[in-house]
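Here the structure is laid out as structure tokens; the discussion comes afterwards.
Any read-out appearing in this document is the output of simple, stated calculations on the displayed coordinates, not a laboratory observation. Since the model is a prediction, treat every value here as computed from it, not as a measurement. Methodologically, a virtual Cβ is constructed for each residue, glycine included, from the backbone with ideal geometry; neighbour enumeration extends over all protein chains shown.
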Amino acid sequence: MGTYIIRRLIGAVFMLIVVSMVTFSIFFVVPRLAGATPMDMANRYVGRAATAEIVADQAERLGFNDPLVVQYGRWIAGVFFGAEYDTGAGVEQCPAPCFGYSFITRQPVWPDLMDRLPVTVSLAVGAAVLWLIGGIATGVVSALKRGSLFDRAAMGVALAGVSLPIFFTGIASLVVFSYGLGITAPGGSYTPFTENPVEWAYNMILPWTTLAFLYAASYARLTRAGMLETMSEDYIRTARAKGLPESKVIVKHGLRGALTPIVTIFGLDFGLLLGGAVLTESTFSLNGVGKYAVNAIMKNDLPQIMGVTMLTAFFVVIANLIVDLLYAVVDPRVRLS
Amino acid sequence: MTEKTSEQAAPTGGGQGGPPTSFLEVRDLRIHFPTDDGLVKSVDGLSFKLERGKTLGIVGESGSGKSVTSLGILGLHKGGRARISGEIWLDGEELVSASIEQVRRLRGKKMAMIFQDPLSAMHPYYTVGDQIIEAYRVHHDVSKQVARKHAIEMLARVGIPQPDRRVDSYPHEFSGGMRQRAMIAMALCCDPELLIADEPTTALDVTVQAQILDLMRDLQRDFNAALIIITHDLGVVAELADDILVMYAGKAVEYGPAEDIFERPEHPYTWGLLGSMPRLDREPTERLMPIKGTPPSLINVPPGCAFHPRCGYTDRTGGRCNTEVPELVPTAPGHLVRCHLGVPERRAIWENEIRRNLEST
Amino acid sequence: MKKKSALAVTAVGAALALGLSACGGGGASQSQGGGESAAAKHTMNAALENVFNPSDKKGGTLKMAISEDWDSIDPGDTYYALSWNLIRIYGRPLVTYNPAPGAKGRELVPDLAESLGTPSDDGKTWTYKLREGVKFEDGTPITSKDVKYAVLRSLDKKTFPNGPTYFNDWLDLPKDFKSVYETPDVNTDQAIETPDDRTIVFHLKKPFGGFDNFAALPSTIPVPKDKDTGTKYREHPIASGPYMFETVQTGKQYTLVRNPHWDPATDPIRKALPDRYEIYLGVNADDLDNRVISGDLHVDLAGTGVQPAALGRVLSDPQLKERVDNPTGARTWYIPIVPDVKPLDNVECRKAIIYAADRVSLQQAYGGEFAGGEIATGLMPPSIDGWKRIDLYPTGTGDLEKAKEALAKCGQPNGFETTMAYRSDRPKEKATAESLQQSLARVGIKLNLKGYPTSDYFTLYFGKPSFVKENGIGLGTHGWGADWNDGFGFMSQITDSRTIRESGNYNISIKSPEIDKLIDQANEETDKAKRDELWAQVDYKVMEEAFVLPIVWSKSVLVRPTGATNVFVTGAFDMYDYLNMGVA
Ligand SMILES: Nc1ncnc2c1ncn2[C@@H]1O[C@H](COP(=O)(O)OP(=O)(O)OP(=O)(O)O)[C@@H](O)[C@H]1O
Ligand code: SF4
Ligand SMILES: [Mg+2]
């Protein structure tokens, strides 16, 4: 187990490096293929009436004139050893892990990301709790009462949940609950948990439910399918033959068996969410990692794109590892190797 | 239960309609499943009796309703879609009309079951010990430690080496035979008075089969339980069973003492089963005599005798085979047969055609 | 200058429009409704020519929001109209725009300076005198040296890449001066002199009559040298106006509170009404519209109008329509006709395109009369001083006869084939290209449409002459807004062929030595009326040569705040004036 984890962690680091190289390359290679010169690239980061001289200065400042390898090397060195940046008026330290300075906001990327992470984590954790409870409960009841009115209604709603985009449900719920009824906070409200947990929850309740609705829908369907499968397993018959009360049969034997694939999917979903719930954050104007990512991509801000990609990749890789470990815990038949 | 008189059950004799005289009495049991394709009559008027310490073998091809019968006795079809009628008397208690909760309390304690495939019948995510402990603690209000000790004892009892260590193993870490032993330990852990083994050895290889059968025989003796062994392999019940019930299409076609069934079978279907039985005294390479054709649909049971499409003697009954349902009637004390053939005729067939054939080949 | 162009994701918009109208209005509660506001009646365009809900009531928090972020709050590093409008609450340029509705808002009035600039006879030297008693937020007096330093630092485009380059281009800088950071010791008096603490003198390379417009640029907002931290100055620009930054959370939120050292006696133009400003960044654009409509927010800072999702609702709901102001901006959406690409090198072929175009359908592509704008007859929009209507071409659904005549004169009687570029992620531009493709097909001109990503449209594709030529791209489409509302502020960057560079061009089609000559004449002219007249000639020439097919002079659908006072659309920026807005 120990060596397995170590091996996986080494693999994860390697994976992250590959991701960084690919991201870096895409950023440079795609425009290059379209014929961009370093000057052209720099042109994105100057005012609209910049002279050729200004563009050249900017290309120099952003390091576009160096070979790609050198630029990448500089970036990766910053990640491991930190870097220094010219603010014009002086030199600024960017301690490791330094993911560079934004081309546009001129802010170092890492503190920005760390500043936004709590928002994303708050969103992801709250929503996850809601959707796990809601989705699994609905799925179980649906499976047990298969074909009933509840089942059909729940699966209908679930289908809607999966197919309705969050920017639609989100904006609509804001209009109804925040601006119409005035019972929830308007878009963009966020209070750190550490500052005021009650306000934190009050502000997050609408994003949570909206996001959870989306996921709960698919988790309900997943749970339902899993339960239908496990409840017809032989071991369920055995459990009943032992004289176990039905509730115990359902939860301890049925749900336990149905949960394994859900754990896997949950791990990956949650890992991805930590890398930014792009649509939810944008819809509710929450300044999380996801909105940061959208902004970075829209503005072609390489250091920001790199930072956010690495953070997301990190969460996904870690989530994967945890899922695999967890899998071995939930299913004793799985061997880690 | 209403005091309904069942024509099929009548010949089994003994207190029919009145209070039961045996430890287990099944009377005119019917278990039907409504499905989209039609009504599946999995068990259709089945009656039998069993005493403590005795073994009943139920044999029949796949789909004849053996498992549905056993699950029906355990009450596992209750609350579902199944339509159940008839009576199941266990130690003076009627189970068909009993509440779900009442039957649940008996299940695992007074009556227990051993399933065919121990790998799929055990939960893959819990240790063998946990699953036995759970079975014990449902019916006994004891601490985990006590239950665990009991589980280890039970494992030792069924012949699992180093039971104190293997108690923490998962089912997949056991061999097939060991798993079935564990399954038996689990079934026996609450000292059941009725034990139903539904094809306990089908999933095992031949040498292990024998060991498990031996084990069951020993345990039955020690526990003095009533044992029902379900199988489609007559060889399995040949040594264990006191009585044998041959099922076909949800009905008993022949029912009697094991000796009668093996030595003096009177139903063409039983003859077929005997012909398809691998026997130790025969060369293993020789071909068996399987019954031609396939078991009937339980939705559209053939009219008359359900076996008639596959029976080779329909021409000897004057056309009754495919019009009139034969009744289960005694042919000798305790030996019942459901066939239109005249008693002398079928005895003659057995003696002259079948038996000789079986022995010569 | 840049106007934030809404990222119009039409699919989203459509979905939301459905959802929102289903939600029945969302309850536009007048949360801030005070006694005074009752007096002012909402009617459509009420704040275009008049001050809506005038008041001197102080106090309250003015809440503003924007769906993205703008380039910078550093006065030396910003090029957004909204920023130039807003910046004046915390910074005082030498000169600024009169806070008044409509065209009056385009008048320049002295701000930090006592009066407008005094030019030398040759128009190369401009002198300003600072007001007495002006102070930074920390109480230090503001001197002419702080203004000089602010202007000089803004010249460093490596550190401040975003702002305009007018001072770089026009100031008579010493050759060895690189930037205030790299060459701090170089004497720059030949460019800017500060003979005393209140006087500042600008020296230009060549005469320029409209220098007061430069003096109104945010880069003349004073910056104390000892507080300048280069790129980090944007984390807290030092206030010279009535408000100073309380918190700066880049990309998230700004809050401003009163600057105790701002003295109203030194400031005849500012009312400084709210106690506090809260500015939210990165607010979902559709949510932002809903919040302004409901009264939860006062203003959408971007000032470019509501999103497509809210548009239908705002224009159809009579109560909401009364709150609409629909100004025409100093922005033109147009289709450059590139004379480098054959057969468009022939003016008759270019004219054929203008004649054949269905101008009404193009207007529809931009959103119609209210959200799109008025059908443009020239490049220059009417809100530019000196504007004259040009009637060279019909503005209906196209004059096919004239188009065929022109084609014949061009030697292409059966039409020809060319390529049109547009930004593929902008639905309006895509619709424009498709509309033109259809209407030109009527006279045999075949258009091949090519979409390119917005992010590299100017740097790699349609703004790069070599690419345009190599790929035979004869037409494109984009827009242009004025840096300020005179001929120079609108036209100079997009009509002067000498500003065309290797890539990143907004002007790709207007190349004429005659036009360049007119521009030079205009720049030297110190008489404003004559100058305006020259720029109008440039506009006429552009149309005569058929270098562009103008589409619309853009209009925007603004929703008037319910809880604010002194609401009016300033002609300087064609959005609500942010200088004197108060809380009702
Ligand atoms: N829940 C149910 N719903 C519908 N039909 C059922 C149900 N359970 C069993 N059956 C049907 O009842 C018939 C008898 O099934 P059963 O399992 O008792 O056969 P079996 O004799 O045990 O066969 P095998 O030797 O294969 O175990 C089968 O045709 C089966 O399809
Ligand atoms: S009744 Fe007829 S068909 Fe049925 S077993 Fe007897 S002979 Fe065969
Ligand atoms: Mg079976």
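Using helices alone, what [θ] at 222 nm do you get for chain C, with -39,500 (n - 2.57) per DSSP H run of 4 or more residues, divided over all residues and rounded to the nearest 500?
It lands at -7500 deg cm²/dmol.
Between 0 and 90 degrees, the angle of helix B:144-157 with respect to the longest Cα principal axis of chain B falls at about 50 degrees. When the Cα positions of B:ALA210, B:CYS190, B:ALA151 are compared along the charge dipole of the range B:144-218, B:ALA151 comes out farthest toward the positive end, with charges on each C-beta of Lys, Arg, Asp and Glu. I want to verify a result. In a Gaussian network model of chain B, Cα cutoff 10 Å, which of these has the top mean-square fluctuation: B:ALA197, B:ALA187, B:ALA82? Highest fluctuation among the options: B:ALA82. As a size descriptor, the averaged projected area of the C-alpha convex hull of the range C:343-478 was calculated at 8.6 nm². When only the Cβ of Lys, Arg, Asp and Glu is charged (+1, +1, -1, -1), the dipole of the protein assembly as shown relative to its Cα centre reaches about 1600 debye. Considering only C:THR250, C:TYR366, C:ILE508, the residue lying farthest towards the positive end of the dipole of chain C is C:TYR366, judged by Cα position with unit charges set on Cβ.
Note on the range A:248-328: with charges restricted to the Cβ of Lys and Arg (+1) and Asp and Glu (-1), its dipole about the Cα centre is near 340 debye. Close amide H pairs (under 5 Å, H built 1.01 Å from N) link C:LYS135 with C:ILE142, C:ASP263, residues at least 5 positions away or on another chain. Listed values for the range C:417-428 are Karplus-derived 3J(HN,Hα) couplings in whole Hz (6.51 cos²θ - 1.76 cosθ + 1.60, θ = phi - 60°), namely 10, 8, 10, 10, 9, 8, 8, 5, 8, 10, x, 5, and x replaces Gly and Pro.
In order along the range B:99-112, phi translates into HN-Hα couplings of 6, 4, 5, 4, 5, 4, 5, 6, 5, x, 10, 7, 10, 9 Hz, rounded to whole numbers, per the Karplus curve 6.51 cos²θ - 1.76 cosθ + 1.60 with θ = phi - 60° and x for Gly and Pro. Less than 5 angstrom separates the built amide H of B:ALA112 from those of B:LEU194, B:LEU195, B:ILE196, all sequence-distant by 5 or more or on a different chain.
Between B:ILE88, B:ILE133, B:ILE196, the Gaussian network model of chain B with springs among Cα atoms under 10 angstrom shows the greatest mean-square fluctuation at B:ILE133.
Just list whichever of C:LYS157/C:LYS351; A:LYS299/C:LYS342; C:LYS63/C:LYS464; C:LYS104/C:LYS252; A:LYS291/C:LYS178; C:LYS351/C:LYS517 have alpha carbons separated by over 29 Å in the model shown. Checking Cα-Cα distances, C:LYS157/C:LYS351; A:LYS299/C:LYS342; C:LYS63/C:LYS464; C:LYS104/C:LYS252; A:LYS291/C:LYS178 exceed 29 Å.
Within the range C:407-553, the proportion of C-alpha pairs whose separation exceeds 24 Å stands at 39%. Per residue of chain B, the DSSP helices (runs of n ≥ 4 H) give a summed -39500 (n - 2.57) that works out to -9000 deg cm²/dmol at 222 nm.
What list do you get for B:MET178, B:MET247 if you sort them by fewest beta carbons within 10 Å?
B:MET178, B:MET247
Helix B:206-223 and the longest principal axis of the C-alpha atoms of chain B enclose an angle of approximately 80°. Computed from Cα positions, the angle between helix A:149-163 and the longest principal axis of chain A comes to roughly 10 degrees.
Cross-link partners of C:LYS430 among lysines, defined as those whose alpha carbon lies under 17 angstrom from its own and excluding same-chain residues fewer than eight positions apart: C:LYS446, C:LYS450. Straight-distance candidates among the lysines for linking to B:LYS49, with alpha-carbon spacing under 16 Å and chain neighbours fewer than 8 residues away dropped: B:LYS66, B:LYS251. Most mobile of A:ALA50, A:ALA319, A:ALA137 per a Gaussian network model of chain A (Cα springs, under 10 Å)? Greatest mean-square fluctuation among the candidates belongs to A:ALA50. The range A:138-174 and the range B:50-81 have Cα centres lying 41 Å from one another.
Here the residues A:PHE81, C:PHE167, ranked from fewest to most Cβ neighbours within 10 Å of their Cβ, fall in the order A:PHE81, C:PHE167. Seen through its C-alpha gyration tensor, with square-root eigenvalues sorted a ≥ b ≥ c, chain C comes out oblate because a/c lies at 1.5 or above while a/b is not bigger than b/c.
Magnitude of the Cβ-charge dipole of chain A, K/R +1 and D/E -1, about the Cα centre, nearest 20 debye?
Here chain A has a charge dipole of around 1520 debye.
Along chain B, counting only GluC sites (Glu not before Pro) with a DSSP assignment other than H, G, I, E or B and at most 15 other Cβ atoms inside a 10 Å radius, the longest segment between sites is B:52-285.
Each 20 Å bin from zero holds the following percent of Cα-Cα pairs in the protein assembly as shown: 9, 28, 23, 15, 15, 8, 1, 0. Plainly put, the range C:165-312 has a radius of gyration that is 1.05 times its Kirkwood radius, both from alpha-carbon atoms, as the Rg/Rh ratio. In the protein assembly as shown, a dipole from Cβ-located charges (positive for Lys and Arg, negative for Asp and Glu) runs towards its positive end, and of A:ALA127, A:ILE76, C:ALA433 it is A:ALA127 whose Cα lies farthest in that direction.
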